[in-house]
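J.: Sending over a structure as C-alpha cells; questions will come in a sec.
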Amino acid sequence: MTTSFRLLGQRRFLPLFATQFLGAFNDNLFKQAMVLFATYSIYSDAKKEAAFSAIATGLFILPFFLLSALSGQLADSHDKARIVRIIKTAEIAIMIVGAAGLLFSSVPLMLGAVLAMGAHSTFFGPIKYAILPQHLRREEVLGGTGLVEAGTYIAILGGTILAGLINPKLAALLVLAVAAIGWLTAREIPPAPSSGERQPLDLHIVRASITLVSATLHIPRLFLSILSISFFWMIGAVLVIEFPPLVKNVFTADKQVASLFLAIFSIGVAMGSVLVNRLLAGRVSARYAPASVIAMGGFVLLMVLAAHRWVPADEGALYSFSAFAHHPGAPLVALSLLGVSVTGGMFVVPLYAFLTTTVESDHTARTVAANNIVNSGAMVIGAVGAVALAAVGVSVLEALISVAVLCLGAAAISWRLHRACDGIACTQ
C-alpha cells in the first residue's frame, strides 16, 4: 500500500488522479445540488421525487449507451492526454449551462447539463482506466486503480456533503471554479500516444457499439467480468434513485441527512477499494468478489430491518442532521450503509483492474468502452425498474429487497469468473 500511495507523488499518476478527482467532485456537487433542490423545493410527492431522480439518472447514462464505442475508438487511436484536455475544456461549457440552471431554477437547463455531463464522462471514462497500464508498471496497476476509485468516491463524498450545506447559487459558482481548476490539472498529464496503428473511426454509433461489444464479450473471462460489473452498476442505480425518497419519506430527515447517506456510501467504497488491494497484495483476481457482493446484499437487508424499526418524526416534520444523529436507530442505519459501500468497493475494483490488464494496450480503452455500454444498459434497466416499481405501488423498502436479490445474481457470475480466472491466471 505504501508503494501505491507513492504514486501520488509522481507526475505519471498525480495529474490524472487530480483531474479525475476534480471531475467527480464537480459532477456530484452539481447533481446532488440539483436533486436536493428538486426533492425539497420543487416536488412534495414521493413518486414524483423518485421519477425525477430516475430521469436525471437516465439522462446521465444515455450517452454511455450511445457514445461509448466512439469514445473507445478515439482513446485507443489518439493521444489520451490530449483527449483529456479537450474533454476538460468542454466541461467548462457544460458547467456554464448547469450553473445557469441552478441560478434561474430552470429544470430543463439542469437536466440538459446532466445529459452533457454524461457525454463528458463517457469520453473520459475509458481513458482514466486505459491510461494506467500505459503510465504504470504491471504490479502498480491494481494499486493505481484502487487509488483512482478511492479518490473518486472521496470526491463524491466532498461534492455530496458540500451540496447539502450550501445554497444553489453558491453551488453554481463553485462548479464553474472547479471545472477551471480541472482544466489546469489536465494540462499536466504526460503524453499517452496510441501504441498501435491508427484505425479509421466508425461513426455509425449502433454498428460500432454492436461490433465493439461483440468483439469483447466473446472472450469468456471478459464477458464474466463485464457482466459482474454491470450487476454492480444496476444495483448502484437503484440505490442512488431510492436514497433521497428513503431519507425523506422513511427516515423523515432533511436534505443534510440525504447528503450524509451519499457521503457514508462514498467513504465506504473508498475504504473497500483500498482494503481489497491490501488483501490481494497487488494481484488481479476475483477471489473476494463473490463473498463481497453476498455481504453487500446482507447489509442491504440490515438497512431494511433498521428502517422497519425506525421511529419517524412527527407529522409534517423532518429530522435535522443533529436530531438524526442522536436518534437511537441511527447507528444501525449508518452501519448497514457503510457495510453496503465497503463490500461494494471490494467487489468492483479488482474487476476493473482485470479489464485493463488482460488485453493488449491498444485495445484497453475499447474494452473499457464495451464495458461501459453494457454497464449503461444495466443501469437503465435498474433505473426503469425503480420507476416501474414505484408506479405500481412498491415501497422504497421493498425496492431495497430487490437489490439484495440482485446481489445473489452478481455473486453467481463473479464466482464463475473466479473459477475461470484464479489469482495465477489473472496475472498472466
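J.: Show me the three semi-axes of the equivalent ellipsoid for segment 206-323, from the C-alpha gyration tensor (sqrt of 5 times each eigenvalue), largest first, rounded to whole Å.
T.: Largest first, segment 206-323 gives 36, 19, 13 Å.
J.: I need the phi-derived Karplus couplings for segment 149-162: 6.51 cos²θ - 1.76 cosθ + 1.60, θ = phi - 60°, integer Hz, Gly and Pro marked x.
T.: 5, 4, x, 4, 6, 5, 5, 4, 4, x, x, 5, 5, 4
J.: Using a 1.4 angstrom probe on the protein heavy atoms only, line up 79, 314, 27 by accessible area, largest first.
T.: Result, largest first: 314, 79, 27.
J.: Can you list residues from other chains, or at least 5 along the same chain, whose modelled amide H is less than 5 Å from the amide H of residue 253?
T.: Close amide H contacts, sequence-distant or interchain: 248, 319.
J.: Still on this structure, I have one more. Which whole-number percent gives the relative contact order of the chain, counting Cα pairs below 8 Å spaced six or more residues apart?
T.: 28 percent.
J.: Oh, and also: Give the accessible area for residue 8 in Å² (nearest 10); use a 1.4 Å probe, count only protein heavy atoms, and leave out ligands, DNA and RNA.
T.: 50
J.: Follow-up question, since we're still on this one. Which number gives the lysine pairs in the chain that have C-alpha atoms under 20 Å apart and are eight or more places apart or on different chains?
T.: Count of close lysine pairs: 14.
J.: Show me, for segment 130-139, the HN-Hα J-couplings you get by feeding each phi into the Karplus relation (A = 6.51, B = -1.76, C = 1.60, θ = phi - 60°), rounded to Hz, glycine and proline as x.
T.: Along segment 130-139, the couplings run 5, 6, 5, x, 7, 9, 10, 6, 4, 6 Hz.
J.: Same structure again: What order, most packed first, do the peptides 181-191, 218-228, 138-148, 120-130 have when packing is the mean number of other Cβ atoms within 10 Å of each residue?
T.: In descending order of packing, they fall as 120-130, 138-148, 218-228, 181-191.
J.: If you don't mind, there's one more thing I want to ask. Can you tell me the alpha carbon radius of gyration of segment 38-156 divided by the globular rule-of-thumb value 2.2 N^0.38 Å?
T.: 1.26
J.: Here's something else I'd like to know. For segment 170-318, calculate the relative contact order in percent as a whole number, restricting contacts to Cα pairs under 8 Å that are 6 or more residues apart.
T.: 23
J.: Now a separate question. Ratio to report: Rg/Rh of segment 307-398, with Cα atoms as the point set and Rh obtained by the Kirkwood method; give two decimals.
T.: When Rh is taken as the Kirkwood radius, the ratio is 1.15.
J.: Taking the square root of 5 times each eigenvalue of the Cα gyration tensor, what semi-axes in Å does the equivalent ellipsoid of segment 93-220 have, largest first?
T.: After diagonalising the Cα gyration tensor, the semi-axes are 32, 21, 15 Å.
J.: Keeping all protein chains in the complex and leaving out DNA, RNA and ligands, what accessible area do you get for residue 392 with a 1.4 Å probe, in Å² to the nearest 10?
T.: Roll a 1.4 Å probe over it and residue 392 shows about 110 Å².
J.: Please compute the Cα-Cα pair-distance distribution of segment 117-162 with 10 Å bins starting at 0, giving whole percents from short to long.
T.: Result returned by the calculation: 25, 44, 27, 4.
J.: Just to be sure I understand: if I project the alpha-carbon convex hull of segment 252-372 onto a plane and average over all orientations, what area do I get in nm²?
T.: Seen from a random direction, the Cα hull of segment 252-372 projects 9.2 nm² on average.
J.: So for the chain, considering every pair of alpha-carbon atoms, how many percent are separated by more than 28 Å?
T.: I get 45 percent for the Cα pairs in the chain exceeding 28 Å.
J.: Keeping all protein chains in position, work out how much accessible area residue 242 exposes to a 1.4 Å probe, and write it in Å² to the nearest 10.
T.: 10
J.: Can you run phi through the Karplus equation (6.51, -1.76, 1.60; θ = phi - 60°) for segment 216-224 and list ³J(HN,Hα) in whole Hz, with x for Gly and Pro?
T.: Taking θ as phi minus 60°, the curve returns 9, 6, 6, 8, x, 5, 5, 4, 5 Hz for segment 216-224.
J.: By how many degrees, 0 to 90 and rounded to 10, does the Cα axis of helix 255-280 deviate from the longest principal axis of the chain?
T.: Once rounded, one gets 30 degrees.
The values are calculated or read from the model by the stated rules, or taken from the named source; none is laboratory data. This one's a predicted model, so the numbers in the text were calculated from it and none came from an experiment. Note: ideal-geometry Cβ built from the backbone for every residue, glycine included; neighbour counts use all protein chains shown. We work out accessible area using only protein heavy atoms, side chains counted, and drop any ligands, DNA or RNA first. Shrake-Rupley method; radii C 1.70, N 1.55, O 1.52, S 1.80 Å.
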